[in-house]
Amino acid sequence: MKLHEILNQIYPLSQEAAQKILRYSSEIRLSKGHTLLEADKNETSIYFIKKGIVRAFAPKEEKDIGKEGDPIVSMKSYVANLPGYECVELLEDCELYEIKNNDLQLLFLEDIQIANWGRKFAERLLVQTEERLISKLFKSAKERYLELLEENPDFVQRIQLGYIASYLGITQVSLSRIRAEIK
């Protein structure tokens with residue numbers, strides 16, 4: 001995906017506003033296994049996945065998975081300029097777009113459309129977090145797995161089952177039972 005496509009998925013930007021963000025972004029390539037964000041560290045950049053898959057996790061907690069088009073951001077660092085909670089590890093070789101938080105904050109001050117985009121970006125991440133919490137509280141593991149298959153069918157081929165089980169909040173044995181049950 002191109003960066004302007006990812007940005008416009010969050011909130012449509014004029015060509016001029018998108019170009020301002022593009023000027024401050026850079027494309028990077030990192031190898032599988034690289035730790036992109038570290039817990040208890042103040043992160044200075046946000047990333048958008050052009051190609052590849054990552055997993056986000058807090059030490060001793062469940063994992064989250066990100067794919068092409070998804071942002072990688074420590075919201076605590078982004079919003080409050082404080083060390084974040086999570087680590088992010090690349091599960092595949094990845095191509096990423098990087099934007100420094102300071103540059104983005106300056107763009108928010110100079111362009112209201114980019115500031116509105118930033119608000120929509122934060123709102124979108126809040127809704128995703130809420131949906132994941134509600135899913136964990138009110139859906140069965142089987143329902144969560146079927147939802148994952150519907151929304152991201154390629155994950156089963158691209159991600160180790162242990163990571164998928166962790167993402168669903170279940171053991172790998174439970175995931176194996178669910179998979180056998182739905183075949």
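Springs between Cα atoms under 10 Å define the GNM used for the chain, and in it the highest mean-square fluctuation of R23, R119, R55 occurs at R23. Of the accessible area of the chain, computed with a 1.4 Å probe over protein heavy atoms only, carbon and sulfur atoms account for 51 percent. Using just its DSSP H runs of length 4 or more, each adding -39500 (n - 2.57), the chain gives a mean residue ellipticity at 222 nm of -15500 deg cm²/dmol after division by all residues. Placing E27, E89 in order of accessible area, with the largest value first and a 1.4 Å probe, yields E27, E89. The convex hull drawn around the Cα atoms of segment 134-178, when projected onto a plane and averaged over every direction, covers 2.8 nm². Could you work out the local net charge near E16, counting Lys and Arg as +1, Asp and Glu as -1, over the other residues with Cβ closer than 15 Å to its Cβ? For residues surrounding E16, the net value is 0. T129 sits with roughly 90 Å² accessible to a 1.4 Å probe, with DNA, RNA and ligands left out of the calculation.
Relative intensity of the chain on a log10 scale, I(q)/I(0) at q = 0.15, 0.20 Å⁻¹, equals -0.92, -1.46, per a Debye sum over C-alpha point scatterers of equal strength in the absence of solvent. In terms of accessible area, using a 1.4 Å probe and ignoring ligands and nucleic acids, K67, K183 rank largest first as K183, K67. Think of a 1.4 Å ball rolled over the protein heavy atoms: segment 1-159 then has 55 Å² of accessible area per residue.
The values are calculated or read from the model by the stated rules, or taken from the named source; none is laboratory data. Everything numeric here is computed off the predicted structure, so don't read it as measured data. Virtual Cβ from ideal backbone geometry, glycine too; neighbours counted across all protein chains shown. Surface areas here come from the heavy atoms of the whole protein model, side chains and all, with no ligands, DNA or RNA. Shrake-Rupley method; radii C 1.70, N 1.55, O 1.52, S 1.80 Å.
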